[in-house]
Amino acid sequence: MRYPIYEFLDSVVFGLPVAVIDFETTGIDALGCRAVSMSIIHANLGHGNAEVVYNERFNPGESIPEGASKIHGIYDSDVVDCPSFADCYSREGGIRELLRGRVLVAYNLAYDWQVLNAELRRTHHLWEERYHWFGICGLVLARYVDSGRRRRGYHKLVAVCERRGIELENAHDAMSDAIATAKVLDILLGEAATKRGQRFYTMRDLWGFQRVCAIDFENGLRDYYRTQGKDTGSWVWTDY
């Protein structure tokens, strides 16, 4: 199997086929939580042709904590008759087919990618069928472009969209967040290219740029956590 990282590295960024994903989950631990909903948007970068191709809720097989339900509005009673992620992944026209042949995009790629891979592990699919660490992250681009401030919430999707006149209809709804991510991504790519004085010609250029920015941010955050005596946890951009 040819993994996306090798299939797309030399692809031109403009027009690149992407699958924008967003999950709502049972918690904030990406490796331990369960997906309760997922949305997938198909688009070609720079074309403004975002299309919702998937929007489903899942029965996570465990109770949804009240705190999580208050954030995304999905309760146990809403998903009791829904299929599991595993059921939806392999079925005809399901998640697997809709992600195939496209570069993954998420606003917080590190989080959504880990959720996706954790769910895939639970389906007992072979490793070759999982998505290796590769894609485009809106949050990394937003932190680079909007680097003047670091206050709490400044780089959240809703705030980044608001500063660019993009309406996020229902924050913490998978479809609304995915649509907003697809819209703001084209803007952020242009702004990042302008700031660095060079546009991203290929996915290799963009992937390398993202990793440098994200690893630098993770290094700073790890240093801060050390001063606080906190467990630093998982560092996806640095460790994968």
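The values are calculated or read from the model by the stated rules, or taken from the named source; none is laboratory data. What you see is a predicted model; the values in this text were computed from it and never measured. As a convention, Cβ positions derive from the backbone with ideal geometry for all residues, glycine included, and neighbour counts pool all protein chains shown. Ligands, DNA and RNA are stripped out before the accessible areas are found, and what is left, the full protein with its side chains, is counted by its heavy atoms. Shrake-Rupley method; radii C 1.70, N 1.55, O 1.52, S 1.80 Å.
Here are the numbers:
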quantity: Accessible carbon and sulfur surface of the chain relative to its total accessible area, %, 1.4 Å; calculated: 48 percent
quantity: Cα-only Debye scattering, segment 148-240: base-10 log of I(q)/I(0) at q = 0.14, 0.17, 0.18 Å⁻¹; calculated: -0.71, -1.00, -1.08
quantity: Accessible solvent surface per residue of segment 173-228, calculated while the other protein chains remain in place, 1.4 angstrom probe, Å²; calculated: 50 Å²
quantity: Solvent-accessible surface ranking, highest first, for F217, F14 at 1.4 angstrom; calculated: F14, F217
quantity: Spatial extent of segment 1-120: Rg and Dmax, with the Cα atoms as the point set, Å; calculated: 15.0, 46
quantity: Per residue accessible area of segment 1-114, 1.4 Å probe, in Å²; calculated: 46 Å²
quantity: Options Y75, A182, G148, ranked by Cα towards positive dipole end of the chain, top entry (Cβ charges); calculated: G148
quantity: Lysine pair number, Cα distance threshold 22 Å (strictly under), the chain, separation 8 or more or different chains; calculated: 4
quantity: Alpha-carbon centroid distance for the pair segment 202-237 / segment 138-175, whole angstrom; calculated: 19 Å
quantity: Charged-residue dipole, Cβ positions (Lys, Arg, Asp, Glu), the chain about Cα centre, Debye nearest 20; calculated: 1040 debye
